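Working notes, beginning with the structure itself.
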Amino acid sequence: MNPQFVITKLVRGTLTLLLTVTFVFIVLRASGDPAQIMLSDEASPAAVAAFRERWGLDRSYIEQYLAYLTAIIQGDFGTSFRDGRPALEVVMERVPVTLLLGFTALLITLALGIPSGIMAALFRGRWVDHATMSFTILGHSIPNFFLGIILILVFSMTLRWLPSSGTGSIWHLLMPAVTLGTAAAATVARFTRSSVLDVLHQPFMRTAKAKGIPYDRRILRHALPNAAIPVVTVVGMRIGGLIGGAVTIETVFAWPGVGMLLVNSVNQRDLAVVQAVVLLIALTMVLVNLIVDLTYGWLDPRIELHNRRAAKT
Amino acid sequence: MAEATTQARGGIHAASHPPAGRHATEPVLEIAGLTVSAGPVDLVEQVSLSVMPGETLCLVGESGCGKSLTCMSALGLLDDGLKATGSVRLFGTETMGAPERVINAVRGRDVTMIFQNPMAALNPVKRVGAQIAEAIGEHTELRGAAVDRRVMDLLEQVGIPKVERHKNYYPHQLSGGMCQRVMIAMALACRPKLLIADEPTTALDVTIQAQILRLLRDLQSELGLAIVFVTHDLGVVAEIADRVAVMYAGRIVEAGPVDDLFDDPRHPYTRALMDCRIGFSREPGTMLEAVKGTVPAPSARPVGCNFAPRCPTADARCQAEPSLSSDGARAVACHFFDPSAGAVRQ
Ligand SMILES: Nc1ncnc2c1ncn2[C@@H]1O[C@H](COP(=O)(O)OP(=O)(O)OP(=O)(O)O)[C@@H](O)[C@H]1O
Ligand code: SF4
Ligand SMILES: [Mg+2]
């Protein structure tokens, strides 16, 4: 992979982050006196004064912005008024729980979506294909939270097999992860299928056949590496969806992660925490995109050239 | 129809030069009564041809007349949507309708193909050297560094400069002509007995083209390589062909030894081709422009002789389909061809 491509992507990611931080700053300042918004109504005058001092609220906007930016870069997102600890600390202790849910959901997405998409393409028009396609239609049309509620009704209320909320065991993880992963799996399956179908009709597949390469190796060595390219993009996009979905799903299943923290903090107007969550999500998104782009560049040698050309013009 | 087919095959055979290979008696490729159809439309109709070891058969004809489909049928490479009937025998073994392993016993090793669009025919995410190496690894005992050396030899043979560097390139980093040479190297990698080359030199400049033709001739005398060579370029035909089969609108209209065909074309279409060759450059595509009109689409072919709408000598008889008949040296599909008289009556 050429360095220029990597640098372009890094710069773009950093710019996106800067934009998000700036946006959050503007929203906070535009919505009134930050001291009033960020602190609770019962905050003491001394606390308000300290807050103003710390964020330089009596100075110019430019100075305030720079102070804000510096603080963010240093990981200082302010203090959660709810428990008096730094907001970042409050958020970070929830991250592992959400990551566990997110990765399990992603695993389900990939393990379900990619093989079924490949099979549907290879057995186009046969029952595997029809079954997969029906599943994707279902997966698409059922909203996440609704599927979550149905699962709770069936497996917790009626059958009493699985706990409906909380953490602690793999059984707690199962339903939220399945709920979260299903819709994404449907998208991934559909994309994988069309991507593989498209590649199967490419002339280079005929070349592989003419070379005397047996069917299974033609698929493994020639079709799948080419078909993977668009699938990586979709998976990357769905990771964004997973992060968004986690907020609702964590609430439905009382999964004590970042998503639930966000909802609670919004309800309690603990804006330092909300702000930290928003920026953290932005950072995650940027990182995921970066990883997707780099994977893409690694899978598809043509991308570099394309980007080099795009960078020049 | 079967009778005509047998006749035609006999005719083409009788015309062939003494072959250079050891198994001189058996054709390496024998196609009989091949019809390729897309749904109700026949794209290729009743094509029969055969190639002896060490022999070069040139397949010529305007764009869309079915040359590529005929070639791909020979290797069982048609798209899923197309249906082929008839018989294809490779080295004496019937492959039409046989399971894939039957053809895979020879495909890629004893018989290889060069495709018309070399850029699309190469895998975009694999280095070209690795794509050649794959063929070698699949069919020979060579491994590791030996494969690498063979790849570089091959690339040098087809005139690729700086092979050390170029073998690590991806197809998109090479020009069309370079990709074509990679395709040729790949096709020759396992020293095949039969090479089916679908317009292999069209994207190449004259010097490289001459080099490739020389390489093919060398392999021919060295290994007894048989070649089916599709081309628009009658100059190339004159240079390398032993026999020529002329296709028009999905059918073979004339076949015979190259000298006979050039000196004394019998079918009105072949005659038109030869006429416009005189005084024309060897630029691909120019040779057929002097034949007035265009080839009918497969779905819009006329009743009777496919060439009738463009034929200067067509008459009432041409409402019926002419069958390919042979005078021993030459097979011609025209009502005006009289095998016993040995000439088309004027
Ligand atoms: N998969 C397909 N489905 C339907 N029609 C097809 C298909 N492939 C080819 N054809 C048609 O069959 C005819 C013969 O095609 P073919 O590619 O064999 O021509 P060709 O003689 O090789 O022409 P060219 O000189 O342009 O390569 C053309 O009219 C083409 O449009
Ligand atoms: S059969 Fe008739 S139309 Fe066809 S080539 Fe002969 S003369 Fe022309
Ligand atoms: Mg063609």
For segment B:125-157, which residues satisfy the criterion of being among the hydroxyl-bearing types (Ser, Thr, Tyr) and more than 14 Å from chain A (Cβ to nearest Cβ)? none
Suppose the filter is within 22 Å of residue B:47 (Cα to Cα), modelled with pLDDT under 90 and among the small types (Gly, Ala, Ser); does residue B:333 pass it? no
Does segment A:200-221 contain any residue that is more than 7 Å from chain B (Cβ to nearest Cβ), over 28 Å from residue A:294 (Cβ atoms) and assigned to a loop (DSSP other than H, G, I, E, B)? yes
Looking at A:137, A:150, A:108 in this structure, which one is assigned by TED's automatic domain parsing to the domain that holds residue A:249, more than 19 Å from residue A:233 (Cβ to Cβ) and buried (at least 16 other Cβ atoms within 10 Å of the Cβ)? A:108
In segment B:123-152, what residues are closer than 17 Å to residue A:214 by Cα and in a loop (DSSP other than H, G, I, E, B)? B:123, B:140
Considering segment B:163-189, residues that are within 21 Å of the chain's Cα centre (by Cα) and surrounded by fewer than 22 Cβ atoms within 10 Å (Cβ to Cβ), and then whichever is nearest to the other protein chains (Cβ to nearest Cβ), we arrive at B:176
Which of (1) assigned to a helix (DSSP H, G or I); (2) closer than 19 Å to residue B:108 by Cα does residue B:197 not meet, given it meets every other one? (1)
With respect to residue B:160, determine if the residue is within 13 Å of another protein chain (Cβ to nearest Cβ) and in contact (Cβ under 8 Å) with a residue 12 or more places away in the chain. no
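Conditions tested, residue by residue: (1) touching a strand residue (DSSP E or B) at 6+ places or on another chain (Cβ under 9 Å); (2) assigned to a helix (DSSP H, G or I); (3) outside the structural domain of residue A:228 (by TED's automatic domain parsing).
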| site | (1), (2), (3) |
| --- | --- |
| A:52 | no, yes, yes |
| A:59 | no, no, yes |
| A:68 | no, yes, yes |
| A:101 | no, yes, no |
| A:112 | no, yes, no |
Can you tell me which residue is nearest to residue B:192 (Cα to Cα) among those in segment B:64-94 that are near ligand 1 (Cβ under 9 Å from one of its atoms) and small (Gly, Ala, Ser)? B:68
Residue identified as out of contact with any Asp or Glu (no Cβ under 6 Å at 6 or more places or on another chain), β-branched (Val, Ile, Thr) and under 21 Å from residue A:129 (Cα atoms) among A:178, A:196, A:252, A:247: A:196
Of the residues in segment A:64-78, those that are touching a helix residue (DSSP H, G or I) at 6+ places or on another chain (Cβ under 7 Å) and hydroxyl-bearing (Ser, Thr, Tyr) come to A:65, A:68
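The values are calculated or read from the model by the stated rules, or taken from the named source; none is laboratory data. What you see is a predicted model, and the numbers here were worked out from it, not measured in a lab. Every residue, glycine as well, gets a Cβ built from its backbone with ideal geometry; the counts of neighbours run over all protein chains shown.
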